[in-house]
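Just below is one structure, and these are the notes that go with it.
Where a number appears in this text, it was derived from the coordinates with a stated rule and is not lab data. As the structure is a prediction and not an experimental result, all values here were calculated from the model. Here the Cβ is made from the backbone with ideal geometry for all residues, glycine too, and neighbour counts use every protein chain on show.
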Amino acid sequence: MKPSVKQISPLIYEFEWDSKVSDQLLQHQLSLKANLQKDFGSAIIELRMGFKTLAVVLSKPLEATLLEDWVKSLNLKKSLKALPEKIWQIPVCYSKETGRDLEALAKHKNISQEELISLHSQPLYRLHFYGFLPGFMYLNGLKEELHTARKSVPDLTVPVGSVAIGGSQTGIYPSSSPGGWHLLGQTPISLFDSKLSIPVFAIAGERIEFTPITIQEFEHLTKHPQKPISR
Amino acid sequence: MIKDIGYLKILKTGPGTSIQDKGRVGFAQYGVPTSGALDSRSLTWVNHLLQNNHSDAVLEICQPGLQIQFDSPTLICLAGAKAAIKLNGGVISSDGIHEIRESDLLEIGYFEQGSILYVGIKNGFQCEKIMKSRSWYAGITAEVFAKKGDQIPYFTKQDLPNYTASKARWDFKWSQNNIIEAYPGPEWGLLNQNTKDLIESMQFTISELKNRMAIQLSELLPNSLPEMATAPVYPGTVQLTSGGKLIVLMKDAQVTGGYARILQISEEGISILAQKQPRQLIRFLVKKNL
């Protein structure tokens, strides 16, 4: 499972894997990331991840084939580490008050709202990386029955904390923004705090679990914010 | 040096006025965009003339109609667009250093050339630094765009700071260039030869859809690429949408995207593009050898 490496600009390189998005691929990505940090740490300005990619921005140009040779010589199997065990519990109020598309999506899928909620809140979702908005988690693990094409006309405002489905993805809007996903509910948990040196609570490889709460609990947690808990 | 705080007051502004520096580097792993001055060449230039740090914060102005007042003495430096500027009612040049005294009024009028004007200030604007940058961005800083009544802090001195009245000329010519240097992006290789030839030979038009996040080009390409697994993007990444449109990502762009990334523009190219006005034409010069 060796990635190919492409130079994108004098200082940007990208590793790409030709395999399906999976826990195993994520393990390889995280292992390559750790190796890059170990071997090129001082020359790395920034690392960015995608579902099948890992990109690195360097502070100075490297010799043409250096990274290619480096990745070839790596013994990735040896450095492969198990993914973290931590599971974060995100309370979600699934209701038409907090998820304007819940009713329509259930109807569209020809299931009850309860079935929709249970299909969405049963699985554990794997956090692969952050993108789209500060603190937005790219999660893998949405059940195929729930895959839904994005709205053809995006909503101008999606409320902060909205839990939504778009294509084969599910996610939480960490801030209010325009968006084309179908809104099922809302979490009262804050996902991003720019005042903290690490502004997010979960790291790549950890898992997320959505736990249904009532509208009363949602209102209570909105007034008395709590930090997310893990198990 | 005794540093007292002075304030620049916004009396009137069009849309798109903000504080920017070199940007927020190292936080993309949390989904935080780079941000920073769209035209980093002009940012570096004003800070250089003011003998500031090269990353000190400046005021970025994207529309005519700005009126600002300084409550204490300082030096400012202008660069970027060629615009009609008045200091206390008198016409001044839109490039180079100007002395500011207490209560001076600066007005930015019609943009004759270019589309972004920068006002640098001695020691830089002193807005709060969050995640190692003062650049304004929604969800990170309290302010996103300047509005009437805002007061922006800077350091002042009772006496005017010393400066060399150097006659360094700001050359507007570089931003007139319509050739944008670009490197092949990760998905360049997926394009067919005909589309590659078109991209390298066609003229593209800057559309009205131009902001701090992205610039959309007007022309449609006959060949499009399907959406792909979400992958990293940068300021300067050119995306080809599934509808055949080209989108050039700018400084406030998301850190990841799902469209094919066919080109990556250099920092210099981003500065040139940022200064283009809608309806202006550009060409890409694709550099195959890095």
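Here the protein assembly as shown is assigned +1 on the Cβ of each Lys and Arg and -1 on the Cβ of each Asp and Glu. Its dipole about the Cα centre then comes out at about 520 debye. Length gained on full extension, A:Ile229 to A:Ile203, computed as 0.36 nm times the residue gap minus the Cα-Cα distance: 8.0 nm.
Its Cα gyration tensor gives chain A an equivalent ellipsoid, and the semi-axes of that ellipsoid, as √(5λ) in whole Å with the largest first, are 36, 18, 17. Kirkwood radius and radius of gyration were both taken over the C-alpha atoms of the range B:177-286, and their ratio Rg/Rh is 0.91.
If exposed trypsin sites (Lys or Arg not before Pro) are those in a DSSP loop with at most 15 other Cβ within 10 Å, what is the longest stretch of chain B that has none?
After excluding every exposed loop site, the longest remaining stretch is B:170-278.
Computed 3J(HN,Hα) for the range B:122-127, one whole-Hz value per residue from the Karplus formula 6.51 cos²θ - 1.76 cosθ + 1.60 where θ = phi - 60°, is 3, 6, x, 6, 10, 4, glycine and proline marked x. For A:Ser152, put the label point 7 Å out on the Cα→Cβ axis and report which residues of the range A:166-183 keep their amide N under 20 Å from it. Taking a point 7 Å out along Cα→Cβ of A:Ser152, the residues of the range A:166-183 whose backbone N falls under 20 Å are A:166-168, A:179-183.
In terms of surrounding Cβ atoms within a 10 Å radius of their Cβ, A:Trp181, B:Trp174 rank from fewest to most as B:Trp174, A:Trp181. Applying 1/(1 + (r/R0)^6) with R0 = 56 Å to the Cβ-Cβ distance of A:Glu144 and B:Arg101 gives a FRET efficiency near 0.25.
Using helices alone, I'd like the mean residue ellipticity at 222 nm for the protein assembly as shown: each DSSP H run of four-plus residues gives -39500 (n - 2.57), total over residue count, nearest 500.
Here the helix-only value at 222 nm equals -4500 deg cm²/dmol.
Taking the charge dipole of chain A about its Cα centre, with +1 at Lys and Arg Cβ atoms and -1 at Asp and Glu Cβ atoms, the residue from A:Ile12, A:Phe136, A:Phe210 reaching farthest to the positive side is A:Ile12. Rounded to the nearest 10 degrees, what's the angle between the helix B:40-49 long axis and the longest principal axis of chain B, both from Cα atoms, 0 to 90? The angle comes out at about 30 degrees. Within the shell defined by Cβ-Cβ distances under 13 Å, the residues around B:Ala37 carry a net charge of 0, with Lys and Arg each +1 and Asp and Glu each -1. Can you pick out the pairs among B:Lys196/B:Lys251; B:Lys122/B:Lys251; B:Lys196/B:Lys276; A:Lys6/B:Lys196; A:Lys2/B:Lys245 whose Cα atoms lie more than 22 Å from each other? Violating the 22 Å Cα-Cα cut-off are B:Lys196/B:Lys251; B:Lys122/B:Lys251; B:Lys196/B:Lys276; A:Lys2/B:Lys245. Derived from the Cα gyration tensor, the three semi-axes of the equivalent ellipsoid of chain B are 36, 20, 16 Å, largest first. What the pair-distance distribution of the protein assembly as shown shows, using all Cα-Cα distances binned every 20 Å from zero, is 21, 50, 27, 2 percent.
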